[in-house]
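Notes to accompany the following structure.
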Amino acid sequence: PSNGPNLMPDPNIMALPIHALAENQDALLLVAQTIAMVSGWNWWTPMVQITAAQLNSMLNGCLTQIMAKDEENVNGELNPGQMYKLYSTAVVNGVAVTGVPVSPSITIGAGSNWIGYTGENTTDIAGALTTLLGASFTSNEDDKIISQDGGFAIYNGTTWEGTLTQLTQGQGYVYVRY
């Protein structure tokens, strides 16, 4: 006669003590960014903290140059929200970069600014700028955003107009401030 169900431990489930979960809570907040690149130049931003060497290793050494706005060859940290121009010798499809998300620290100054969109979803320009720069950011009349494919939008003082209507996660843009 049985006194209840026969419970056997599942070898596929690992139990962790509560203190181990608390110590490793960052591991529960990982995000994955899927990278797709053309052969040639790509305007890109990371979603997580990563170094140029780590990125190139993940992409099997196909990057021959990584440029920031004021730096010809970037060798150190790649900062989320900063646009980088990456020169790839191969087409890259579906390589995932995983890590803890980092809030970007971006300042828009007069002239050209290299920015990257780090939001979770493709979003209209006004919403994307709020996500990236905060609710207190205000675009100036005639400010312009340009994408790598030649899309652009100009702020008319009320709304963004042009061929660029949305910003896409992981993509870089040039924001021209007037």
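The values are calculated or read from the model by the stated rules, or taken from the named source; none is laboratory data. Worth saying up front: this structure is predicted, and the values here are computed from it rather than measured. Positions of Cβ are backbone-derived with ideal geometry, glycine not excepted, and every protein chain shown enters the neighbour counts. Side chains are part of the model used for accessible areas, which takes the heavy atoms of the whole protein and leaves out ligands, DNA and RNA. Shrake-Rupley method; radii C 1.70, N 1.55, O 1.52, S 1.80 Å.
Structure notes:
- Residues of the range 82-101 include at least one that is within 21 Å of ILE35 (Cα to Cα), surrounded by 15 or more Cβ atoms within 10 Å (Cβ to Cβ), modelled with pLDDT under 95 and of a type in the set (Gly, Ala, Ser).
- Cβ pairs under 8 Å, 6+ apart, first in the range 119-135 and within 9 Å of GLN166 (Cβ to Cβ) and of a type in the set (A, V, I, L, M, F, W, C), second surrounded by fewer than 18 Cβ atoms within 10 Å (Cβ to Cβ) and at pLDDT 90 or above: ILE125/THR165; ILE125/GLN166; ALA128/GLN166
- Reported count of residues in the range 123-163, each being among the polar types (S, T, N, Q) and under 26 Å from ASN42 (Cβ atoms), is 7.
Residue by residue, here is whether (1) touching a Pro at 6+ places or on another chain (Cβ under 6 Å); (2) open to solvent by less than 50 Å² (accessible area, probe 1.4 Å); (3) farther than 14 Å from GLY81 by Cβ; (4) at pLDDT below 90 holds:
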| residue | (1), (2), (3), (4) |
| --- | --- |
| PRO104 | yes, yes, no, yes |
| TRP114 | no, yes, no, no |
| ASN121 | no, no, yes, yes |
| GLY127 | no, yes, yes, no |
| ALA135 | no, no, yes, no |
| THR138 | no, no, yes, no |
| ASP149 | no, no, yes, no |
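- Residue that is over 17 Å from the mean Cα position of the chain (by Cα), open to solvent by less than 70 Å² (accessible area, probe 1.4 Å) and within 25 Å of ILE146 (Cα to Cα), where the choices are ILE66, ILE108: ILE108
- Taken over the range 41-61, the residue count meeting the criterion of being surrounded by 19 or more Cβ atoms within 10 Å (Cβ to Cβ) and within 12 Å of SER88 (Cα to Cα) is 4.
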